[in-house]
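See below for the structure under consideration.
None of the figures in this text is laboratory data; all of them are computed from the coordinates on show. Model, not experiment: these values are computed from the prediction. Using ideal geometry, Cβ is built from the backbone for each residue, glycine included, and neighbour counts are taken over all protein chains shown.
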Amino acid sequence: FKGGDTCEYLLSSGRFLGEKVWQPHSCMMHKYKNSEAKNCLIDKHVVFIGDSRIRQLFYSFIKLINPQVKEEGIKHGNIPFEDKSASIKVDFLWYPEVNGSMRQRIKSWTEGSVAKPHIIVVGAATWSIKIHNGSNEALAQYKINITSIAPLLEKLAISSDVYWVLQDPVYEDMLSESRKMITNEKIDAYNEAAVRILNSSSRNSKTKVKVFSVSKLIAQETIMKSADGLHLPESSRDTNAMILMNLYCNKIMKPIDGSCCQPQPPLTLIQKIAFCFFTLSIIGYFIISLIHRNNYRKNKSCTDLESGEEKKPAISIPNVSTLEMLLHCFCKLGLIMTYFYLCDRANLFMKENKFYTHSSFFIPIAYILVLGVFYTENTKETKVLNREQTDEWKGWMQLVILIYHISGASTFLPVYMHIRVLVAAYLFQTGYGHFSYFWIKGDFGVYRVCQVLFRLNFLVVVLCIVMDRPYQFYYFVPLVTVWFMIIYATLAVWPQIIQKKANGNCLWHFGLLLKLICLLTCIYFLSYSQGAFEKIFSFWPLSKCFELNGNVYEWWFRWKLDRYVVFHGMLFAFIYLALQKRQMISEGKGDPLFSNRVSNVLLFISIVSFLTYSIWASSCKNKTECNELHPSVSVVQILAFILIRNIPGYVRSVYSSFFAWFGKISLELFICQYHIWLAADTKGILVLIPGYPMFNVLVSTFIFVCVAHEISQITNDLAQIVVPKDNSTLLKRLLCIAGFFSGLHFFSAMQDQSRH
């Protein structure tokens, strides 16, 4: 892979994903909307010069600006188009042959102070073949004419984007009698002549006329669907027009999912500081390691020369110091972050668009589910939602979500609705887990809060710095962080009601229920009052964390989508722990959760509810309407799954260690996928090994999982150092962290100022 100019690949190579989706080699193509096309081409003049096939391309191009345009006008004449709202001019100039007339027109733009078009698209040959009956003399004249035009095009290419469109192949069996002389052999000869002359001309020039040869590849796949054997079907010329738009607009609009023709973003000030920090950490770690190694060698056991016996060292091997452990973590993290940057910010590795098929989603799902069953083991405890079971739950859900993302299954609404339930189930576990901890332990100390916040946010904060992305971009972490703080505030504010206190007086249970009702009321109010929600999160410094593209709408939308499920998790935990305390459920090994009759009834209701929700989700037709209902009904399938998983004693007593292993690193997997498994901030797929899709997925997945596991270990190690149990030391660390974020804010403000 040359790595540098992806425009060259966009112009010349690619393949079809399915029937209509074109995938350029090595990069991603953005699908421009009308508003985006107008913003890119504002005050621009575009000219198409050529025959009827170039006229087709002209119409497809202007339909990207205004879809209402109809293909009306003089067939063998010039056609103007103007969008006055954006001051865009696009002209088609009828020059079906490369001759003196075409040369004169092109020459007029190179003389004096005449306004030059910003984009020039030229191409012609089939008329020369047709008029001269495919004679060799016509080809010789074509070469002479292109040779005279090439220097003029090179001169225009200094200030304009100039594209020479190669001739598409024809479907000879469908050609009319008057066009039978237009053969693919003749077209290839004309194309070969054009490429050779334009390339030889560009060798003596600093600028270059870009040869648009990708149209030929597209035509080879689709010309059979042509109406007359000569002109491309509409979908193919629309693809060519979109390629042209990507060639010119990607460097201007910089779309996330348009990596073709987009230059590597310059390093920001914060990224440079991070690079220096990680470099110093790596150097510091190696220096300390060398010093420790030398000390160890000096104290290594040596042989007594007189007795020939080995003496033990007087000093034992020194323990690893806190500083060395800290530098070791940052050393590994620095190398990992370098890989992140190279994968998704540098133009080093290839990226491709996603393309959804049912098989690309459901076959991997079936495979991992079968694999998970093979790793079934007995649980250490048989309580409802025990640690092994929740890890297993997180694990298989995370694997399904990963497959959903890489396969592009969000375009298929039934799959999307089921994945929304999995995201809700994560938040349900957040409510259940944190409520259970505070309710049982009664530990509302600063240490606990700091530990949770550090483990949730450490990786995301590092990625915000290294990848130059806002905090809200990694939306799931802000979501679980805010919900953790809401759970903490609900239970920690006066009066603090915990299980130990409530056991002494049943009235405290009603007090807690009153707190939960107040929480539900606040959630309900904020979900229907966008203005109040935005005011809360628009205050500094919250606005710095929750704004995306200059507003907090995206944050409000994400929060609103699963607004009740954390409350449902807290309420479930309260009811379950109350039943457990009163010994109303049986959690022995192999025992059903309730009496046989009650267990069977609940199990039947759960299965029916689970299937009913799936049928409803699968029949969804409108995403907006289904998203409106989702917050209220997602808990049905979640509770149904919990009961199905826990009512039968034999099912509750086993778990999949395969899924549980992934569950322990589920947060890291969810965040790391953004940049080192997917690409272009999840919009595409990272390609480490081009040409072998399955092998590429295996290799990139292996690296991705190893990195996620390593980051999980680094986070755990750093949490012990950065968040100590001693309150006075913790206070000093919190002051240091506050200083770090103040510095980060200062440099961020400097960056914003320099950008403006």
Given charges at beta-carbon only (K, R positive; D, E negative), |dipole| of the range 48-140 in Debye
80 debye
Starting from the Cα gyration tensor of the range 696-756, take the square roots of the eigenvalues, sort them a ≥ b ≥ c, and report rounded, prolate or oblate (rounded when a/c is under 1.5, otherwise prolate if a/b is larger than b/c, else oblate).
oblate
Of 220, 22, 6, which is farthest on the positive side of the dipole of the range 6-253, counting Cα position, with +1 on Lys and Arg Cβ, -1 on Asp and Glu Cβ, and the Cα centre as origin?
6
Distance-filtered residues of the range 553-591 - backbone nitrogen under 13 Å, label point 7 angstrom along residue 529 Cα→Cβ
none
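Multiply the residue separation of residue 681 and residue 644 by 0.36 nm, subtract the distance between their alpha-carbon atoms, and state the gained length in nm to one decimal.
Between residue 681 and residue 644, full extension yields 9.7 nm more.
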What aspartates and glutamates sit close enough to residue 621 to cross-link, taking a C-alpha to C-alpha distance under 18 Å and skipping anything fewer than 8 places away on the same chain?
none
Run the simple label-point estimate for residue 735 and residue 515 please: 7 Å along Cα→C-beta, distance reported in nm.
3.2 nm
Projected label distance in nm at residue 360 and residue 280, using a 7 Å step from Cα toward the beta-carbon:
4.5 nm
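With +1 on the Cβ of every Lys and Arg and -1 on the Cβ of every Asp and Glu, and nothing else charged, how large is the dipole of the chain about its Cα centre, in debye rounded to the nearest 20? Walk me through the numbers on the way to the answer.
Working: 76 positive and 56 negative charges, 263 e Å.
Approximately 1260 debye in magnitude.
In debye to the nearest 20, how big a dipole does the range 6-253 give about its Cα centre with +1 on each Lys and Arg Cβ and -1 on each Asp and Glu Cβ?
That gives a dipole near 660 debye.
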With unit charges on the beta carbon (Lys/Arg positive, Asp/Glu negative), name the residue among 553, 716, 539 whose Cα is farthest towards the positive pole of the charge dipole of the chain.
539
For the range 635-669 versus the range 528-550, the gap between their alpha-carbon centres in whole angstrom:
35 Å
Spelling out what I want: for every residue of the range 14-28, take phi, set θ = phi - 60°, compute 6.51 cos²θ - 1.76 cosθ + 1.60 (Karplus), and round to whole Hz; glycine and proline get x.
x, 8, 8, 9, x, 9, 10, 8, 8, 10, x, 5, 5, 9, 9
Percent RCO, i.e. relative contact order, over the chain, from Cα pairs under 8 Å lying at least 6 residues apart:
15 percent
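Rounded to two decimal places and with Rh computed the Kirkwood way over Cα pairs, what is Rg over Rh for the chain?
On the way: Rg = 32.6 Å, Rh = 30.8 Å.
Using Cα coordinates only, the ratio equals 1.06.
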Using amide H atoms built in the peptide plane, which far-off residues or other-chain residues are under 5 Å from residue 88 H to H?
43, 83
Would you kindly calculate the mean projected area, averaged across all directions, of the convex hull enclosing the Cα atoms of the range 418-508, in square nanometres?
7.4 nm²
So what J values fall out for the range 729-746 if you push phi through Karplus, 6.51 cos²θ - 1.76 cosθ + 1.60 with θ = phi - 60°, rounded to Hz, Gly and Pro as x?
5, 4, 4, 5, 5, 5, 5, 5, 5, 4, x, 4, 5, 5, x, 4, 5, 4
Just want the answer: with Cβ charges of +1 for Lys and Arg and -1 for Asp and Glu, which residue in 79, 115, 92 is farthest toward the dipole's positive end in the range 75-176?
115
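Subtracting the Cα-Cα distance from 0.36 nm times the residue separation, let me have the gained length for residue 544 to residue 325 in nm, one decimal.
On the way: separation 219, 0.36 × 219 = 78.84 nm, distance 3.19 nm.
My answer for the length gained is 75.7 nm.
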Amide H contacts under 5 Å for residue 212, restricted to residues at least 5 apart in sequence or on another chain and with H modeled in the peptide plane, are 164, 165, 166
Counting only backbone N atoms under 15 Å from a point 7 Å out along Cα-to-Cβ of residue 437, the residues of the range 719-739 in range are 719-720, 723-725
Residues in the range 630-657, backbone N under 17 Å from the label point at residue 579 (7 Å along the Cα-to-beta-carbon vector): list them, ranges by number please.
635-653
Residues whose built amide H sits under 5 Å from the amide H of residue 678, excluding neighbours closer than 5 in sequence, are 686
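Under the definition of Cα pairs under 8 Å and six or more residues apart, what whole-number percent is the relative contact order of the range 6-253?
On the way: 396 pairs, mean separation 59.3, N = 248.
So the answer I get is 24 percent.
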In nanometres, the difference between 0.36 nm per residue of separation and the alpha-carbon distance of residue 755 and residue 726 is 6.2 nm
Checking the a/c ratio against 1.5 first, then a/b against b/c, what shape does the Cα gyration tensor give for the range 6-253?
rounded
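Which of the chymotrypsin sites (Phe, Trp or Tyr not before Pro) found in the range 1-62 are in a DSSP loop and have at most 15 neighbouring Cβ atoms, other than their own, within 10 Å? Walk me through the numbers on the way to the answer.
Details: sites: 1, 9, 16, 22, 32, 48, 58, 59, 61; in loops: 1, 32.
Within the range 1-62, the qualifying chymotrypsin sites (Phe, Trp or Tyr not before Pro) (loop, at most 15 other Cβ atoms within 10 Å) are 1.
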Starting at the first residue of the range 348-364, write each ³J(HN,Hα) from the Karplus equation 6.51 cos²θ - 1.76 cosθ + 1.60 with θ = phi - 60°, in whole Hz, x for Gly and Pro.
9, 9, 7, 9, 9, 6, 7, 8, 8, 9, 4, 5, 5, 9, 6, 5, x
